[in-house]
Amino acid sequence: MSAVDAKHLWEFDHPYYCSQGCYYTKGTDWEEVHRDWETWADFAESWGDSDEDYNLLFRWDWKRSDPDHYAFERTEDPAFEMPADHLELFYMLQRKAKPFSHIITVTETDEPAVREWLTKKAEHMRKVWEPLLNAGCAA
């Protein structure tokens with residue numbers, strides 16, 4: 001098992017961040033550039049096998065709430081539940097030059113399926129950059 005496989009997806013801290021949706025889209029048109037999902041299964045059924053060339057996934061972030069950010073709530077209300085984990089996915093819909101984002105509520109039990117799906121997307125992204133990543137490539 002590699003060191004990457006040993007880390008959980010929520011343990012990766014990607015550099016910088018990505019904004020959801022599209023900065024230039026009016027709030028009334030937000031559904032054209034962003035969607036929220038209640039479960040991984042719902043997302044996977046709808047977008048899971050979308051064409052990788054038309055819908056290029058360029059970033060993912062598994063977000064987990066920091067308990068320190070909710071210290072007051074947890075102290076004041078013993079029944080307080082931490083916000084659920086969520087997976088943020090960022091696409092470029094290449095035929096239309098249109099960014100699109102998703103936020104999906106996920107659980108730890110979703111991790112194997114999410115990891116497998118993300119790995120396939122990473123392999124596709126590698127194909128895009130392969131000419132520069134191939135160590136045998138002549139300069």
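Computed from the coordinates by the stated procedures, all read-outs in this text should not be read as laboratory data. None of the values given here were measured: they were computed from a predicted structure. Note: ideal-geometry Cβ built from the backbone for every residue, glycine included; neighbour counts use all protein chains shown.
Ranked by the mean number of other Cβ atoms within 10 Å of their residues, highest first, the peptides 98-106, 79-87, 33-41, 11-19 come out as 98-106, 33-41, 79-87, 11-19. Karplus-based coupling profile of the stretch 44-51, in residue order and whole Hz: 4, 5, 8, 10, x, 10, 5, 4, with θ = phi - 60° in 6.51 cos²θ - 1.76 cosθ + 1.60 and x standing for Gly or Pro. Only Cα pairs under 8 Å and 6+ residues apart enter the sum, and on that basis the relative contact order of the stretch 60-132 stands at 24 percent. Bridgeable lysines around Lys98 (alpha carbons under 17 Å apart, same-chain partners fewer than 8 residues away excluded): Lys26.
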